[in-house]
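Heads up: the structure comes next, in structure tokens.
The values are calculated or read from the model by the stated rules, or taken from the named source; none is laboratory data. Here the structure is a predicted model, which means the values were calculated and not measured. Here the Cβ positions follow ideal geometry from the backbone for every residue, glycine too, while neighbour counts run over all protein chains shown.
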Amino acid sequence: MTVLYGNLHFLNHLIASQQGLDPSGAKVQQIIEAEGYAVFSYAAQCGHRDAINFLLAYPSVFAHAEMHVRQYTRDVNPFVAC
């Protein structure tokens, strides 16, 4: 299932399906943070810029990416520059 996480269309569908069940957004946050931020990691590995920017808008993802500067600097810098 991680393969699908790098796709923005899939992320939007996943989040929309969870918002109806959990208006607080806690479940979406759990999904994003699962397995060491695997969702973000896969999007970054595949270069899915739209999904990367979407996920970096979540403060916990941005903090995770900043803590792993060597791994994600090429993804965080363009996001910050916008």
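Values for this structure:
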| item | result |
| --- | --- |
| Residue ID - farthest from the chain's Cα centre (by Cα), chosen from residues in segment 49-65 that are among the small types (Gly, Ala, Ser) and more than 14 Å from residue 77 (Cα to Cα) | 60 |
| Test: residue in segment 45-61 that is surrounded by 17 or more Cβ atoms within 10 Å (Cβ to Cβ), not in a helix (DSSP H, G or I) and not acidic (Asp, Glu) | yes |
| Lone qualifier among 66, 35 - being at pLDDT 80 or above, assigned to a helix (DSSP H, G or I) and at positive phi | 35 |
| Test: residue in segment 16-30 that is under 10 Å from the mean Cα position of the chain (by Cα), closer than 19 Å to residue 75 by Cβ and either in a helix (DSSP H, G or I) or modelled with pLDDT of 90 or more (or both) | no |
| From 76, 3, residue being of a type in the set (Val, Ile, Thr), at pLDDT below 90 and in contact with a helix residue (DSSP H, G or I) (Cβ under 9 Å, 6 or more places away or on another chain) | 3 |
